[in-house]
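Notes for the one structure printed next.
The values are calculated or read from the model by the stated rules, or taken from the named source; none is laboratory data. Computed from a predicted model, the values in this text were never measured in an experiment. Cβ placement follows ideal geometry from the backbone for every residue including glycine, while neighbour counts extend to all protein chains displayed. For the accessible areas, the whole protein counts, side chains as well, though only heavy atoms, and no ligand, DNA or RNA atoms are used. Shrake-Rupley method; radii C 1.70, N 1.55, O 1.52, S 1.80 Å.
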Amino acid sequence: MNSAIIQETASRIQPLDPAWRARAQARLDRLTKPQGSLGRLEELAAWYVAVREDLQPSLKKKVVVIFAADHGVVAEGVSAYPQDVTFQMVANFLQGGAGINVLARHVGAEVQVVDIGVKYDFSGFSGLISRKVAFGSRNLAQEAALSRAEAEAAINVGIELAQENIAAGADVLATGEMGIGNTTPAAALAAVFTGEPAATVTGRGTGVDDAGYRRKVEVIERALALHQPDPRDPVEVLAKLGGLEIGGLTGLILGAAAARRPVLLDGFIATAAALVAARLCPAVSDYLKAAHRSAEFGHQVMLASLGLRPLLDLDLRLGEGTGAALGINLLEVGLKIYHEMATFAEAGVSGKDS
């Protein structure tokens, strides 16, 4: 059943119609400025019009969805932080004290926190969206991180949350995540889907030392040799290498694109999810903007594989959706330019060829 939902969702995703972008750009070119002089702000506005297929689209309800999950691979010593930090940070999100809470408040976005696979019982916590598929993944260096059914269930959770948010009026969705150890499965996925060696796409994550970095690369190389993942079956790759939150993000991306809603990608983990989603449906890339280029080694390789150019390069590597929140801000600015700036005719200003 989960597989059928994924296939049906992917089948509804169509490439963007360039005519909508051209119509938006025609208005932008009539505004009181040299054509193209607001650069990527114009690009964002035209993209948003094309995604929504609406020449007067609104951008009111902005939602950052944070998927949280744990990873069995932390037993291999791939993180500088203990696994308990995952559930502790979930509590911090719910209390409004994390970096993403600060930035989301700044851009007027709602933060939703989803327990899709944390190794903790959150009974009694208020404000948490409980969609737990499992109490964390298994150790990908020794066995498949997830069963195929678990991977499909995680993707389906993301699709459902996209649908629920859009039904509630969401205009844009931003990707967030929390999971100690999750740069390891993300790097493994990147290696499979870009064809690059593990060492090329693996970074230091939470800040492991040199020995920790070498160990992390070795763990990924061992997992790839053990599982021999086939990129032609992206769900199976996700199952073998894991990441319930990566599965949730994959589904969120698919569900948003199927409903013609834009997605602001955060960093390394979210881009790994985008790689999975793009293998399930290549047209999904049209609905994505990379909010920033992460300081995490290999992120640029992943973005290049998706054909995405980051909006910002601020050496961010926190995750949580922090970069995506900044991307929402830029998108909103671009749309304000599109809606509120006067044309030459409206302002009585002579154009270039007058």
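Figures for the structure shown
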| read-out | value |
| --- | --- |
| Dipole of the chain, positive end: most advanced residue of VAL74, GLY117, TRP47 [Cβ charges, Cα centre] | TRP47 |
| Rounded percent of accessible protein surface that carbon and sulfur make up, the chain, 1.4 Å probe | 51 |
| Cα gyration tensor category, rounded, prolate or oblate, for the range 191-317 with a/c compared to 1.5 | oblate |
| Rounded if a/c under 1.5, otherwise prolate or oblate - the range 206-261, Cα gyration tensor axes | oblate |
| Backbone HN-Hα couplings from phi across the range 118-123 [Karplus 6.51/-1.76/1.60, Hz, Gly and Pro as x] | 7, 7, 6, 8, 8, 3 |
| Å² of accessible area per residue within the chain, as computed with a 1.4 Å probe and no ligands counted | 39 |
| Leading residue at positive end of dipole, the chain (Cβ point charges), from ALA4, LEU189, VAL263 | VAL263 |
| Between the range 170-203 and the range 46-119, the Cα center-to-center distance that results, in Å | 15 |
| Estimated FRET transfer efficiency when R0 is 51 angstrom, pair LEU55-ALA75 (beta carbons, to 0.05) | 0.40 |
| Charged-residue dipole, Cβ positions (Lys, Arg, Asp, Glu), the chain about Cα centre, Debye nearest 20 | 600 |
| Simple Cβ-charge dipole of the range 11-69, Lys/Arg +1 and Asp/Glu -1, about Cα centre, in debye nearest 20 | 200 |
| Per residue Cα convex hull volume in Å³ - calculated over the range 189-232 | 61 |
| Cα gyration tensor shape for the chain, rounded if a/c is under 1.5, else prolate or oblate | prolate |
| Distance between the range 137-153 and the range 209-229 - C-alpha centres, whole angstrom | 17 |
| Dipole of the range 260-330, positive end: most advanced residue of GLN300, ALA278, GLY327 [Cβ charges, Cα centre] | ALA278 |
| Heavy-atom accessible area order for SER58, SER137, largest first, 1.4 Å probe | SER58, SER137 |
| Candidates ILE337, ILE220, ILE166, ranked by Gaussian network fluctuation over the chain, Cα under 10 Å, top entry | ILE337 |
| Other-chain or far-sequence residues with amide H under 5 Å of VAL64's (modelled H) | GLU110, VAL111, GLN112, ALA174 |
| MRE, 222 nm, helices only [DSSP H, n ≥ 4, -39500 (n - 2.57), over the chain, to nearest 500] | -15500 deg cm²/dmol |
| Among MET302, MET341, MET178: highest mean-square fluctuation, GNM of the chain, C-alpha pairs under 10 Å | MET341 |
| DSSP H segments from the chain that extend 24 Å or more along their own axis, Cα-based, with Kyte-Doolittle mean of -1.0 or above | 148-167, 210-227, 322-340 |
| Check: the range 176-330 dipole with +1 on Lys, Arg Cβ and -1 on Asp, Glu Cβ, in debye | 220 |
| Computed accessible area, TRP47, all protein chains, 1.4 angstrom probe, square angstrom | 0 |
| ASP313 accessible area, assembled protein chains, probe 1.4 Å, Å² | 80 |
